[in-house]
Amino acid sequence: MHSLPESRNTLLRFLSEPMAAAVFSQAEPFKLSRRQILHMRGLPFEHVYFIEHGVVSVIADVDGNREIEIWLVGHEGFIGLPLVLGSFSSPFKRVVSIGGEARRLPAESFQTLLAQHPELQRLMLRYAHSIAIQTGQALACATRHSVEQRLARWLLSAQDRLDGDVLPLTHSTLARLIGTRRASITVALNRMGESGLVDLRRGRIDIRNRDALVELSCKCYGIMRAANEAIYD
């Protein structure tokens with residue numbers, strides 16, 4: 001009897017062995033490259049992606065020439081949530097922010113598995129509930145908290161999804177994702193660097209003092225992290 005492939009994806013690891021085997025039997029390894037578009041807004045989903053390593057940003061179009069990230073997906077989640085809720089497309093774009101790997105399934109195969117397996121459906125609905133909480137909290141955060149607080153929250157969330165201290169991101173990318181000016185991100189990062197929270201290197205940010213970063217961040221980070229952890233309670 002063949003053992004199941006190892007997976008870092010928390011959703012896949014939480015499934016029973018027979019259910020995980022059903023997913024793996026129709027999945028293929030897929031490389032995630034930085035800036036790669038996994039789904040373009042308005043188009044039907046062709047695939048779903050269970051993230052093994054890396055970070056994918058779900059991005060909303062604000063006014064035709066400005067975009068902002070509304071949630072992050074790492075090894076705790078997957079791309080293709082609208083299919084769980086009965087929709088075939090989405091107004092949001094899915095773009096790889098930090099490269100890595102995923103397991104990819106055809107959208108049609110995933111929908112068949114959902115229809116046939118209540119266990120998978122229940123887990124995906126719990127994940128959908130978590131995302132609803134996180135996006136609502138992110139909206140509240142964007143309207144009430146400073147750039148520095150929001151940046152700290154984003155860095156912590158990205159670190160959680162990478163299980164590492166090195167974030168290969170530029171100031172311009174962070175500004176686009178957080179929805180503010182590049183100059184504001186640079187000022188906030190420089191302050192963090194001077195305080196010993198991060199080390200700034202070309203094209204990357206090294207987190208040096210997570211506890212201080214948590215203290216700098218707003219309470220939104222804890223609320224959003226708890227919502228994600230509640231999926232598995």
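Considered as a group, the residues in the stretch 91-101 that are under 22 Å from M224 (Cα atoms) and over 12 Å from the mean Cα position of the chain (by Cα) include one that is most open to solvent (accessible area, probe 1.4 Å), and that residue is F92. Every listed requirement among (1) farther than 12 Å from V147 by Cα; (2) surrounded by 17 or more Cβ atoms within 10 Å (Cβ to Cβ); (3) in contact (Cβ under 8 Å) with a residue 60 or more places away in the chain is met by I178 save one, (1). Which one of these does A21 not meet: (1) outside any loop (DSSP other than H, G, I, E, B); (2) open to solvent by less than 50 Å² (accessible area, probe 1.4 Å); (3) closer than 25 Å to T135 by Cβ? Condition not satisfied by A21: (3).
Quick check on this structure: which one of Q137, Q159 is under 20 Å from the mean Cα position of the chain (by Cα), open to solvent by 40 Å² or more (accessible area, probe 1.4 Å), farther than 17 Å from I79 by Cα and at pLDDT below 95?
Values: Q159 fails: open to solvent by 40 Å² or more (accessible area, probe 1.4 Å).
Exactly one residue qualifies, and that residue is Q137.
Among helices (runs of 4 or more DSSP H) entirely within the stretch 65-172, having at least 2 residues that are without any contact (Cβ under 8 Å) to a residue 12 or more places away in the chain and not hydroxyl-bearing (S, T, Y) singles out 107-116, 118-144. Number of residues in the stretch 35-84 that are small (G, A, S), open to solvent by 60 Å² or more (accessible area, probe 1.4 Å) and under 18 Å from T170 (Cα atoms) equals 0.
If you scan the stretch 201-233, which residues turn out to be without any contact (Cβ under 8 Å) to a residue 12 or more places away in the chain and either of a type in the set (F, W, Y) or farther than 15 Å from W154 by Cβ (or both)? It would help to see each step written out before you state the result.
So the first thing to find is which residues in the stretch 201-233 are without any contact (Cβ under 8 Å) to a residue 12 or more places away in the chain, and the list is 201-202, 211, 215, 219, 222, 226, 229, 233.
Those that are without any contact (Cβ under 8 Å) to a residue 12 or more places away in the chain and either of a type in the set (F, W, Y) or farther than 15 Å from W154 by Cβ (or both): R201, R202, D211, E215, A226, E229, D233.
Kindly indicate whether G196 is outside any helix (DSSP H, G or I) and either touching a residue at least 60 places away in the same chain (Cβ under 8 Å) or more than 17 Å from L72 (Cα to Cα) (or both). Lay out the reasoning, then the answer.
On the way: outside any helix (DSSP H, G or I): yes; either touching a residue at least 60 places away in the same chain (Cβ under 8 Å) or more than 17 Å from L72 (Cα to Cα) (or both): yes.
In short, yes.
Here's a check for you: in the stretch 144-183, which residue that is in contact with a strand residue (DSSP E or B) (Cβ under 7 Å, 6 or more places away or on another chain) and hydroxyl-bearing (S, T, Y) is farthest from A102 (Cα to Cα)? Across the stretch 144-183, the extreme among qualifying residues is T173.
Would you check which residues across the stretch 125-134 are surrounded by fewer than 17 Cβ atoms within 10 Å (Cβ to Cβ) and either among the hydrophobic types (A, V, I, L, M, F, W, C) or modelled with pLDDT under 90 (or both) and list them? Scanning the stretch 125-134 gives L125, A128, A132, I133.
Residues that are closer than 22 Å to Y221 by Cα, open to solvent by 60 Å² or more (accessible area, probe 1.4 Å) and not aliphatic (A, V, I, L, M): does the stretch 184-191 have at least one? Yes, there is a match, as at least one residue in the stretch 184-191 is closer than 22 Å to Y221 by Cα, open to solvent by 60 Å² or more (accessible area, probe 1.4 Å) and not aliphatic (A, V, I, L, M).
The values are calculated or read from the model by the stated rules, or taken from the named source; none is laboratory data. Just so it is clear, the model here is predicted, and its values are computed rather than measured. Glycine also receives a Cβ, built like all others from the backbone with ideal geometry; neighbour counts cover every protein chain displayed. The protein model used for the area step is the full one, side chains on, heavy atoms only, and it has no ligands, DNA or RNA in it. Shrake-Rupley method; radii C 1.70, N 1.55, O 1.52, S 1.80 Å.
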